[in-house]
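The values are calculated or read from the model by the stated rules, or taken from the named source; none is laboratory data. Predicted model only: the values in this text are computed from it and were never measured. Ideal geometry is used to build each Cβ from the backbone, glycine not excepted, and the neighbour counts take in all protein chains shown.
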Amino acid sequence: MLFKETTVSGIPVKNRIMRSATHDGLADENGAPSDRLIKKYEHLAKNEIGCIITGYAAVSKNGVSPYPRMMKIFDDGVIEKYKELTDAVHKNGSPVILQIAHCGRQTSSKAIGLQKVAPSNVLHTFYPDKAKKLTESEIYGIIDDFVSASVRAEKAGFDGVQLHGGHGYLLHDFLSPYGNRRKDNWGGSLENRCRIVELIIKGIKEKTNLPVWIKLSAEDNRKGGMNIETSVEICKILEAAGCDAIEVSCGTVQDGMNTMRSDLMPMDAVFKYREPCASFPKFLNKIALPAANLINPLIKQPKPLENFNVENAAIIKKSVSIPVIVVGGIHKVSDMENILSQNKADFVSMCRPFICEPDLAKKLAGGQQEAKCIMCNYWVW
């Protein structure tokens, strides 16, 4: 079942293995895919990947990530370069979905050179500068930005778009009662919290012929945040709005990123690349890093490390009729086959394993039984 040809949202795929989105950090200075990024996706396509979901592309100038070289798609000038990407992937027989996103309060105003925005001014632990609460007209502006980005994606030859509705970004914060404290038409009730995503889906459907997928954090560890019961109801609403597929993930940056689980934090990488640690004076690092390594084994990490979104995906799958994709610690062929045969999801997606082994799909089809990724998380930092 795993390696049989099938379709998803009307798109032919070679197998049921997808490359899940990640921040590649390989856009050019304009936010278009660089030649290096195009070659990366071309290599994935050559090696039997069922479908590629790109790293996130910002739909608005104030929605850019603080991480370097994020893709952007809020200007027509990038369309031709994106077309090079889709052509390179398509000539090797794989479809490619563009993930589109707005980072919301999960960025830094200083880093992006603009005032960051959010549904409500809730302080973010790791990005503590205050976000501006969006006005209604600004919300409609962001809806238009998502729709316009999708129009550009269609012109560039993408097979569909995926809304990033998880991991603490703007759409997640609208859906979640933790991030959304509004009392107007965009907050409070579940229907109000879903409104922005519904209107984005409907707007994309009106202006393009693209399938619209969404990535959701079915649960997070934020007080009053997302839980599986709420996520099921959200998925029903979004399916009714025209959503074509759901990728089930979990977590946010703020809840310790249980999205990307590992036994230990890669402390030396954190201190080298992650603020504020990266800016510590050298003399302080000589003391702080050994201390961090000493307490590292005592830091509680989320469990389990493998297949940690599968049960939530199964619950959601029972509640909707559209395809469900599951991501999160999926490394073994036997687990993938069980997920599919037990009807817990329709497709499996992976991110970290494809960083370690870009040719993983071909290897698994050829008899390799599991990914070599050890979930060290050094790539994150």
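State yes or no: is Glu337 surrounded by fewer than 16 Cβ atoms within 10 Å (Cβ to Cβ), within 17 Å of Ser249 (Cβ to Cβ) and of a type outside the set (A, V, I, L, M)? Show your work before the answer.
On the way: surrounded by fewer than 16 Cβ atoms within 10 Å (Cβ to Cβ): yes; within 17 Å of Ser249 (Cβ to Cβ): no; of a type outside the set (A, V, I, L, M): yes.
Here the answer is no, as Glu337 does not meet what is asked.
Output yes when any residue across the stretch 7-28 is over 30 Å from Leu175 (Cβ atoms) and either among the charged types (D, E, K, R) or without any contact (Cβ under 8 Å) to a residue 60 or more places away in the chain (or both), and no when none is. Quick ask: steps written out before the conclusion?
Of all residues in the stretch 7-28, those over 30 Å from Leu175 (Cβ atoms) come to 12, 14-15, 28.
Those left that are additionally either among the charged types (D, E, K, R) or without any contact (Cβ under 8 Å) to a residue 60 or more places away in the chain (or both): 14, 28.
For the stretch 7-28, residues over 30 Å from Leu175 (Cβ atoms) and either among the charged types (D, E, K, R) or without any contact (Cβ under 8 Å) to a residue 60 or more places away in the chain (or both): present.
Go through the residues of the stretch 227-248 one by one and say whether even a single one is touching a Leu at 6+ places or on another chain (Cβ under 8 Å) and either at pLDDT below 95 or of a type in the set (D, E, K, R) (or both).
yes
Could you run through the stretch 342-371 and say how many residues are within 20 Å of Ser249 (Cα to Cα) and in contact (Cβ under 8 Å) with a residue 24 or more places away in the chain?
Adding up the residues that qualify gives 14.
I'd like the residue in the stretch 149-192 that is polar (S, T, N, Q) and under 23 Å from Thr125 (Cα atoms) and, out of all such residues, is nearest to the chain's Cα centre (by Cα). Spell out the reasoning first.
Start the filter on the stretch 149-192 by keeping residues that are polar (S, T, N, Q), which leaves 150, 162, 176, 180, 185, 189, 192.
Next, from what is left, pick out any that are under 23 Å from Thr125 (Cα atoms): 176, 180.
Details: Ser176: 16, Asn180: 20 Å.
Going through the qualifying residues, I end up with Ser176.
Considering each of Val151, Val161 in turn, give the residue that is on the phi < 0 side of the Ramachandran plot, assigned to a strand (DSSP E or B) and either in contact (Cβ under 8 Å) with a residue 12 or more places away in the chain or buried (at least 24 other Cβ atoms within 10 Å of the Cβ) (or both). Steps first, please.
Working: Val151 fails: assigned to a strand (DSSP E or B).
Matching residue, one of Val151, Val161: Val161.
In this structure, does Thr54 turn out to be crowded, with 24+ Cβ neighbours inside 10 Å, touching a residue at least 12 places away in the same chain (Cβ under 8 Å) and not small (Gly, Ala, Ser)? Talk me through it step by step, then tell me what you get.
Working: crowded, with 24+ Cβ neighbours inside 10 Å: yes; touching a residue at least 12 places away in the same chain (Cβ under 8 Å): yes; not small (Gly, Ala, Ser): yes.
For Thr54, the condition - crowded, with 24+ Cβ neighbours inside 10 Å, touching a residue at least 12 places away in the same chain (Cβ under 8 Å) and not small (Gly, Ala, Ser) - is met.
Looking only at the stretch 1-25, which residues are under 15 Å from Ile73 (Cβ atoms) and out of contact with any strand residue (DSSP E or B) (no Cβ under 7 Å at 6 or more places or on another chain)?
His23, Asp24
Give the stretch 294-327 a look and list any residue that's part of a loop (DSSP other than H, G, I, E, B) and surrounded by fewer than 13 Cβ atoms within 10 Å (Cβ to Cβ), or say none.
First, the residues of the stretch 294-327 that are part of a loop (DSSP other than H, G, I, E, B): 299-309, 320-323.
Passing the criteria: Ile299, Lys300, Lys303, Pro304, Ser321.
Please determine, by comparing only the residues of the stretch 89-100 that are touching a helix residue (DSSP H, G or I) at 6+ places or on another chain (Cβ under 7 Å) and buried (at least 21 other Cβ atoms within 10 Å of the Cβ), which one is farthest from Asp24 (Cα to Cα).
Across the stretch 89-100, the extreme among qualifying residues is Ser94.
Got a number for residues in the stretch 10-33 being of a type outside the set (A, V, I, L, M, F, W, C), surrounded by 19 or more Cβ atoms within 10 Å (Cβ to Cβ) and in contact with a Leu (Cβ under 9 Å, 6 or more places away or on another chain)?
5
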